[in-house]
Amino acid sequence: MAPMPDVEVFAHETLGKDLYALTFASPIDLRAGNYQPGQFLHIRVSQSFDFLLRRPLSLCYADVDQNRLTVVYRTQGAGTRRLTACKPGDVIDVLGPLGQGFPIRAQDHRTLLIGGGVGVPPLLELAKQLRASGKTVQTVVGFQTAGQLMLVEELAAYGEVTVMTDDGSAGTRGLVTTALTAELCSLADRYYACGPSPMLKAVQQTMRVRNVPGYLSLEERMGCGIGICVGCVHAVYRDGQLTNAKTCREGPVFDEREVVFA
Amino acid sequence: MNDPQMDVDISVNLLSLHLKNPVMPASGCFSFGKEVASFYDLGVLGAIVVKATTLDERLGNPTPRVAETAAGMLNSIGLQNPGVKRVMQEELPYLSRYRSLPVIVNVAGTAIDDYVDVTRQLSSSPDVSAIELNISCPNVKCGGIQFGSDPQMAASMVRAIKAVATHPVIVKLSPNVTDIVEMAVACEEAGADGLSLINTVIGMTIDLERRRPLLGSGAGGLSGPAIKPIAIRMVYDVFRHVSIPVIGIGGIMTGADVIEFLMAGATAVQVGTANFVDPLACPRIIDETREWCVQHGVRSIREIIGAAQPANGG
């Protein structure tokens with residue numbers, strides 16, 4: 001039997017313009033270790049039926065001692081704006097953590113994390129766990145503009161962070177792939193990337209040239225989050241043929257070798 | 001009258017099947033059951049309707065395939081499924097562990113011959129209790145809906161299926177027609193054993209930033225509470241013109257919604273979108289349905305089928 005999803009909110013902070021960090025009691029006992037960075041929480045923004053579907057928000061930080069989870073999200077429509085109304089003490093309906101997260105491989109020593117925009121939050125828990133298992137962490141994050149930066153200082157606690165912006169208003173002007181130089185990549189045994197599809201496609205191409213294996217966390221519009229609606233599929237090449245994998249259940253994290261972009 | 005200990009019977013008889021309660025998940029909203037089985041014992045369901053099954057594997061439509069709308073959602077999945085052979089080998093046997101759970105297989109296709117072939121194959125399966133003929137999917141080109149909007153074509157389809165089916169045949173009707181009663185009557189006259197209604201209502205939403213339809217295939221099917229009044233009206237009208245059982249579908253989220261469909265004339269109901277919102281929706285809705293009966297002194301839920309019809313004083 002899956003855990004009942006009603007949990008208490010402990011904190012709801014504004015991190016920047018339209019950017020929020022929501023901390024709530026974990027629906028599962030985190031000490032049992034049954035969660036991975038890169039998994040997501042599927043959250044109802046209200047109990048009414050006007051916003052019907054849950055919002056998939058990636059796990060950003062797990063506080064095992066307090067058994068609390070934090071998600072960081074940007075408001076993108078009326079539904080996520082509704083979510084901003086919830087406050088400490090409120091009870092929210094959370095399913096998860098769901099899906100397949102980022103695997104941490106014993107043989108790796110040096111890891112490279114690549115994030116774009118709202119794809120950055122899951123890298124924080126990932127960086128924490130990679131460091132805890134003794135690996136070095138190098139991070140490249142990209143944003144449209146300085147006002148959209150998030151979690152840069154938090155990520156810097158686990159290793160060097162390179163910031164890229166489209167307009168050059170913070171860090172270096174350019175895309176994340178601009179920062180993925182042969183020199184930087186030669187220092188990585190594996191990469192982990194999360195961001196919008198165009199970024200992931202460019203990262204996949206670049207890192208294949210650099211000959212570094214990695215994982216991609218894909219972004220597709222989700223319905224149920226548990227694999228029954230078949231809404232969030234992404235093309236994968238598997239067992240010698242092209243097929244559609246459910247991002248919510250078989251992903252959102254996939255080995256880059258099987259991910260096919262249009 | 002409000003005796004909390006009152007023993008109420010919420011079982012119904014549908015075709016040749018005895019359902020321990022009138023609630024079953026709708027096709028396409030439950031996959032083949034395995035995923036939800038990790039949330040609860042599927043044996044509590046009245047029946048299960050599994051995902052639309054076609055002759056060959058279908059990869060489905062381009063993404064985005066789902067979009068939320070006010071009190072509902074649009075989908076354009078496009079009947080993604082592994083094809084009838086793999087459904088029979090890899091999916092249906094799993095459900096046989098739920099001994100008293102009738103399994104209804106939704107059959108879809110693009111031509112009568114495909115439907116007939118799938119039905120013939122399913123007819124040999126010990127894991128199937130009934131066929132639901134999907135002539136109402138709005139999301140595939142030349143895929144079923146042309147059979148679902150023309151009474152003559154619907155009737156020929158039903159006759160062809162009945163000629164090979166060894167199980168009862170339920171026909172799932174589309175709301176995207178001028179007169180659903182005409183469709184219902186045509187299916188009954190052609191030999192349908194039951195009707196399920198409604199499938200989704202064709203709709204569209206526009207992505208303002210990209211200035212184009214949000215869904216990858218343009219239009220999609222609207223479901224959820226937004227369409228419940230449409231479904232209730234159609235069940236209410238169809239009930240009075242046919243003598244075969246009607247299964248009500250459309251935006252059921254609560255036990256009260258189940259009661260509403262039964263009062264309109266449904267013998268049983270299918271729960272669709274609610275499963276996407278809450279994996280535990282069906283058992284909760286079953287509990288709420290029983291509780292409603294207790295609260296209202298209804299000893300057998302069969303008493304209220306069609307209660308809102310004029311002939312019954314409604």
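A few remarks follow.
- 1 or more residues β-branched (Val, Ile, Thr) and open to solvent by less than 50 Å² (accessible area, probe 1.4 Å): qualifying strands (runs of 3 or more DSSP E) within segment A:1-106: A:6-16, A:19-25, A:40-43, A:68-74, A:91-98
- The test for being touching a Phe, Trp or Tyr at 6+ places or on another chain (Cβ under 7 Å), surrounded by 18 or more Cβ atoms within 10 Å (Cβ to Cβ) and farther than 22 Å from B:THR166 by Cα holds for B:VAL36.
- Pick from segment B:77-87, criterion touching a Ser or Thr at 6+ places or on another chain (Cβ under 9 Å) and of a type in the set (A, V, I, L, M), ranking: nearest to the other protein chains (Cβ to nearest Cβ): B:LEU79
- Within segment A:107-132, the set of residues being surrounded by fewer than 17 Cβ atoms within 10 Å (Cβ to Cβ) and either part of a helix (DSSP H, G or I) or of a type in the set (Phe, Trp, Tyr) (or both) comprises A:ARG131, A:ALA132.
- Here segment B:252-271 is the region considered, the condition is being open to solvent by 10 Å² or more (accessible area, probe 1.4 Å) and assigned to a loop (DSSP other than H, G, I, E, B), and the residue that is farthest from the other protein chains (Cβ to nearest Cβ) is B:THR267.
- For A:VAL141, the criteria (1) more than 13 Å from the chain's Cα centre (by Cα); (2) without any contact (Cβ under 8 Å) to a residue 40 or more places away in the chain; (3) more than 23 Å from A:GLY33 (Cβ to Cβ) hold in every case but one, which is (1).
- Hits in segment B:17-40 (condition: closer than 19 Å to B:VAL246 by Cα and either more than 9 Å from chain A (Cβ to nearest Cβ) or among the hydroxyl-bearing types (Ser, Thr, Tyr) (or both)): B:LEU17, B:HIS18, B:LEU19, B:LYS20, B:ASN21, B:PRO22, B:VAL23, B:MET24, B:ALA26, B:SER27
- Annotation note: of B:SER196, B:SER300, B:SER243, the sole residue that is modelled with pLDDT of 95 or more, open to solvent by 60 Å² or more (accessible area, probe 1.4 Å), of a type in the set (Gly, Ala, Ser) and out of contact with any helix residue (DSSP H, G or I) (no Cβ under 6 Å at 6 or more places or on another chain) is B:SER243.
- Here segment A:201-224 is the region considered, the condition is being within 14 Å of chain B (Cβ to nearest Cβ) and hydrophobic (A, V, I, L, M, F, W, C), and the residue that is farthest from B:ILE77 (Cα to Cα) is A:LEU218.
- Lone qualifier among A:THR206, A:THR181 - being surrounded by fewer than 18 Cβ atoms within 10 Å (Cβ to Cβ), outside the structural domain of A:PRO56 (by TED's automatic domain parsing) and either without any contact (Cβ under 8 Å) to a residue 40 or more places away in the chain or touching a Phe, Trp or Tyr at 6+ places or on another chain (Cβ under 7 Å) (or both): A:THR181
Condition check ((1) within 14 Å of chain B (Cβ to nearest Cβ); (2) at pLDDT below 95) across all residues:
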| site | (1), (2) |
| --- | --- |
| A:TYR20 | no, no |
| A:THR23 | no, no |
| A:SER46 | yes, yes |
| A:ARG54 | yes, no |
| A:SER58 | no, no |
| A:VAL72 | no, no |
| A:ILE92 | yes, no |
| A:ILE104 | no, no |
| A:GLN107 | no, no |
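- Residue that is farthest from A:PHE49 (Cα to Cα) [pool: residues in segment B:52-76 that are open to solvent by less than 10 Å² (accessible area, probe 1.4 Å) and within 8 Å of chain A (Cβ to nearest Cβ)]: B:ARG65
- Comparison of A:GLY119, A:GLY195 shows that the only residue that is within 14 Å of the chain's Cα centre (by Cα) and under 16 Å from A:TYR61 (Cα atoms) is A:GLY119.
- Residue within segment B:77-84 that is part of a helix (DSSP H, G or I), within 20 Å of B:CYS137 (Cβ to Cβ) and open to solvent by 30 Å² or more (accessible area, probe 1.4 Å) present: no
The values are calculated or read from the model by the stated rules, or taken from the named source; none is laboratory data. This one's a predicted model, so the numbers in the text were calculated from it and none came from an experiment. No Cβ is skipped: glycine too gets one built from the backbone with ideal geometry, and neighbour counts run over all protein chains shown. The area values use the complete protein model at the heavy-atom level, side chains included, leaving out ligands, DNA and RNA. Shrake-Rupley method; radii C 1.70, N 1.55, O 1.52, S 1.80 Å.
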